[in-house]
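Report on the following structure.
The values are calculated or read from the model by the stated rules, or taken from the named source; none is laboratory data. The shown structure was predicted, so the numbers you read here are calculated from the model rather than taken from an experiment. With ideal geometry, Cβ positions are generated from the backbone for all residues, glycine too; neighbour counts draw on all protein chains shown. Just the protein is used for accessible areas: all its heavy atoms, side chains included, with ligands, DNA and RNA removed. Shrake-Rupley method; radii C 1.70, N 1.55, O 1.52, S 1.80 Å.
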Amino acid sequence: MAHLPDSLHMTTRKPTIDWPGTLLQACRSIEAASGALSLSELAQAHGVSASELQRQFTRRLGISPKAYAQALKLHRLACGLSQTENALDAVYDAGFESVSSAYSSASKQLGSSPGRLRSTISIGWWLGLSDLGWMLMAATDKGICWLTFGDEPTDMLEELHSAFPKARFSNDERRLKAWFDAVREFVLLPREALDLPLDIQGTAFQANVWKVLTTIPLGGTLSYSEVAGKLGSRGAVRAVASACAKNKLALLIPCHRVVARNGSLAGYRWGIERKQALLERELAASE
């Protein structure tokens, strides 16, 4: 009796795709594109099928590639209009094909016409997607003063403006992009420290709390009472919790590494699920 070749007995296995890494690169491609980038072009560039890229992007990041590109164009438009007297130049620089499409999108999504988006500016910011959802970074000339996660970019920008009511804002992709990418990669592959310039603003007590938080090693945690103990104020547990809640620099000041005395995750300004994901990844990276 003839035997079949061993190769015919073997089942063909599909190669495993690193979707977090692939989506990170896809986000970068969308951000770097000077014009419209179709789903098929994006998928081909990263060696995956268009349908699966659409599904994974939407499931993991909560938004489609097309909607992400549109959101980036809108925010670039808002900032471009504040820096130039020529609205037409701002429209085309943002990636819109016509003034009418820009006005329609801005009025619908931002609640204001492009003409009303002009304002005076001073803190630079950059917005994009990470493996934990939307991420917003802002910086003064001294360093990063704001790093937050969220689900709605417009709400995140409104929060930034409310936190610095006397500031003047501008899109500063050129200066912040490298820092932004470093944080985004840390979310996927945590390492011991992110060496980035910071501009921390807070009370003396808050600054002392935040300094202690930066000493918590990767994969480690402290309770609120332990942080208070390191400050020599064991009765200041509530004040420590308040300082953690008022931290404006997610990850860079690692308040996610502070837990309740019984080990539960307690609160987190950017959501318990994000806190849990960060701690699990950091623990795995430290082993």
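Any chance you could run the full-extension gain for Arg28 through Ser242? It's 0.36 nm times the residue separation minus the Cα-Cα distance, nm to one decimal.
On the way: separation 214, 0.36 × 214 = 77.04 nm, distance 3.53 nm.
Using 0.36 nm per residue and subtracting the Cα-Cα distance, I get 73.5 nm.
Working note: Karplus 6.51/-1.76/1.60 with θ = phi - 60° gives the range 271-276 the couplings x, 4, 4, 5, 4, 4 Hz, where Gly and Pro are set to x.
Annotation for Glu185 and Arg60: the two label points, set 7 Å from Cα along the Cα-Cβ direction, are 1.7 nm apart.
For the peptides 240-247, 153-160, 123-130, the ranking by mean Cβ contacts within 10 Å, running from highest to lowest, is 123-130, 240-247, 153-160. In plain terms, the chain from Arg269 to Thr203 could stretch by 21.9 nm, reckoned as 0.36 nm per residue minus the Cα-Cα distance.
Taking only the Cα atoms of the range 184-287, the radius of gyration and Dmax are 12.9, 37 Å.
Ranked by accessible surface with a 1.4 Å probe, highest first, in what order do Ser223, Ser40 come? Could the numbers behind the result be given before it?
Numbers: Ser223 10, Ser40 70 Å².
Ranked list, largest accessible area first: Ser40, Ser223.
Subtracting the Cα-Cα distance of Asp195 and Glu287 from their residue separation scaled by 0.36 nm leaves 31.0 nm. Based on the Cβ-Cβ distance from Arg261 to Lys166, what FRET efficiency comes out when R0 is 51 Å, to the nearest 0.05? The formula returns an efficiency of 0.85 here.
Note on the range 129-171: dipole from Cβ charges, positive end direction compared against Thr148, Ala167, Met135; the farthest Cα belongs to Ala167.
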